[in-house]
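Have a look at the structure below before the remarks.
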Amino acid sequence: MNSTAQTRFGMVGSGWRGEFFLRLARLLPERFRATGVVTRTGDRGDAVTAEWGVRTFRTAAELLAHERPDLVIVSVPWAVTPDAIRELVAAGVPVLAETPPAPDVAGLRSLWSDVGGSGLVQVAEQYSLMPGHAARLELVRAGVLGEPTSVQISSTHLYHAVALIRGLLGVGHDAAEVSARAFVSPLANPLSPAGWSGDATPQQLTTTLATIDFGGRMGLYDFTDNQWWNPLRTRRLVVRGSLGELVDDRVVRLVDPTTPVESSLVRRQTGIDLNLEGLDLKHISFDGDVVWRNPFAGSGLSDDDIAVADILARAGAWAREEGPAPYPLAEACQDHLISLAIEDSVRTGRPVFTAEEAWAG
């Protein structure tokens, strides 16, 4: 992603996820500008304006009449996301929708039938753009591990995890067999989006395990309730290939028939100890080569904010016809199709088979 042009975005919705984008516009005004936010009520609109200094509107039509942005972000509850997307596509506006684009399989199919052919919808699936994951993807795609054969992930949930599994394995819209189970056990849960609770009493939390068989390539999904926030559960990622294995930031691979070697992904993080460059992630290297470089160097953004900024910048370039599509609707539909199969398998206790859908074409 080399473009540094400013992306102008409108937004439908003003919830927690939408604030990520507004915060980026505040932190990086030369790269991002919010043209307005659609809220359901005037009171909520007044609160958004007071907090973020952004004009608000009650309808998408009013937002577009005020100023035509490069794209409009849809950040509303699952149940109303499809209709918000349809309205914007009908107006001919490029859309960046939050995940997932529809709540269930019927909703995915209906949405694809209505707007899939427009080419106007991208989805804000940012996990593959997080610095560590982007560096790992670079190694896998460069063939460092040979042919990728399996991915084990314990980090984020459902469609986000599926997106990483599919991306690392290089599988498209292949049919899959999903087998999942859920297990309940005690675990302290002291931190949530609301902050520290001050309570270390173990709660009964659910861990979901699932295998996703793509026919020769396999994903293993492992997620515990609130794993994003709970500091007592770390994140793990394993990618196995025909010539080696990646475990988090360590890589072992065969460089000739008798020589296995081990290397690491190394972050250049400034602002630590006596480094006076400011708190910032500069790049990630592997065996002396830079495999990922921060497109927002000097901003001091967290890894997640870097990824959100990256997907927004890429979507802006796509909307202006200056770059490729960052994450098309078809990919997000496939991610959620498989994540729904995980939930179905847990509920029924049986394997669930996904078939090729209309968006595979």
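The residue that is nearest to residue 126 (Cα to Cα), among those in the stretch 73-85 that are in a helix (DSSP H, G or I) and open to solvent by 60 Å² or more (accessible area, probe 1.4 Å), is 78.
Residues in the stretch 334-356 that are closer than 13 Å to residue 172 by Cα and open to solvent by 30 Å² or more (accessible area, probe 1.4 Å): 355, 356. If only residues of the stretch 1-57 that are over 18 Å from residue 320 (Cβ atoms) and of a type in the set (Phe, Trp, Tyr) are counted, the one that is modelled with the lowest pLDDT is 16.
Any residue in the stretch 297-310 that is under 14 Å from residue 282 (Cα atoms) sitting within a Cβ distance under 7 Å of a residue that is surrounded by fewer than 15 Cβ atoms within 10 Å (Cβ to Cβ)? List the pairs, counting only those 6 or more apart or interchain. That search, which allows pairs on different chains as well, returns 300/278; 300/279.
Scan the stretch 6-32 for residues that are farther than 24 Å from residue 65 by Cβ and either open to solvent by 30 Å² or more (accessible area, probe 1.4 Å) or assigned to a helix (DSSP H, G or I) (or both) and jot them down.
First pass over the stretch 6-32, keeping only residues farther than 24 Å from residue 65 by Cβ: 16-17, 19-20, 23-24, 26-28, 30-31.
Correct list: 16, 17, 19, 20, 23, 24, 26, 27, 30.
Restricting the stretch 89-106 to residues that are closer than 21 Å to residue 18 by Cβ and open to solvent by 10 Å² or more (accessible area, probe 1.4 Å), which is modelled with the lowest pLDDT?
In the first step, residues of the stretch 89-106 are kept if they are closer than 21 Å to residue 18 by Cβ; the result is 89, 91, 93-103.
If we keep only those that are open to solvent by 10 Å² or more (accessible area, probe 1.4 Å) as well, we get 89, 91, 94, 98-99, 103.
Values: 89: 98, 91: 97, 94: 98, 98: 93, 99: 89, 103: 95.
My answer is 99.
Please go through the stretch 123-147 and give me each residue that is in contact with a Ser or Thr (Cβ under 8 Å, 6 or more places away or on another chain) and open to solvent by 30 Å² or more (accessible area, probe 1.4 Å), ordered by number. Correct list: 127, 147.
From the list 319, 297, 307, exactly one residue is open to solvent by 40 Å² or more (accessible area, probe 1.4 Å) and either aliphatic (A, V, I, L, M) or at pLDDT below 95 (or both). Which is it? None of the other options fit; the residue is 297. From the list 143, 132, the lone residue that is more than 22 Å from residue 352 (Cα to Cα), part of a helix (DSSP H, G or I) and not acidic (Asp, Glu) is 132.
Whenever a residue of the stretch 258-287 is surrounded by 15 or more Cβ atoms within 10 Å (Cβ to Cβ), its partners that are among the aromatic types (Phe, Trp, Tyr), lying with C-beta atoms within less than 8 angstrom and at least six residues away or across chains, give the pairs 263/286; 265/286; 266/286; 283/292; 284/292. If you go through the stretch 148-167 and pick out every residue that is outside any strand (DSSP E or B) and either in contact with a Leu (Cβ under 8 Å, 6 or more places away or on another chain) or crowded, with 20+ Cβ neighbours inside 10 Å (or both), you end up with 12.
May I ask you to verify whether residue 215 is open to solvent by less than 50 Å² (accessible area, probe 1.4 Å) and touching a residue at least 12 places away in the same chain (Cβ under 8 Å)?
Working: open to solvent by less than 50 Å² (accessible area, probe 1.4 Å): no; touching a residue at least 12 places away in the same chain (Cβ under 8 Å): yes.
For residue 215, the condition - open to solvent by less than 50 Å² (accessible area, probe 1.4 Å) and touching a residue at least 12 places away in the same chain (Cβ under 8 Å) - is not met.
The values are calculated or read from the model by the stated rules, or taken from the named source; none is laboratory data. These numbers come from a predicted model, not from an experiment. So basically every Cβ, Gly included, is an ideal-geometry build from the backbone, and we count neighbours across all protein chains shown. Please note that ligands, DNA and RNA were not included when accessible areas were found on the heavy atoms of the full protein model with its side chains. Shrake-Rupley method; radii C 1.70, N 1.55, O 1.52, S 1.80 Å.
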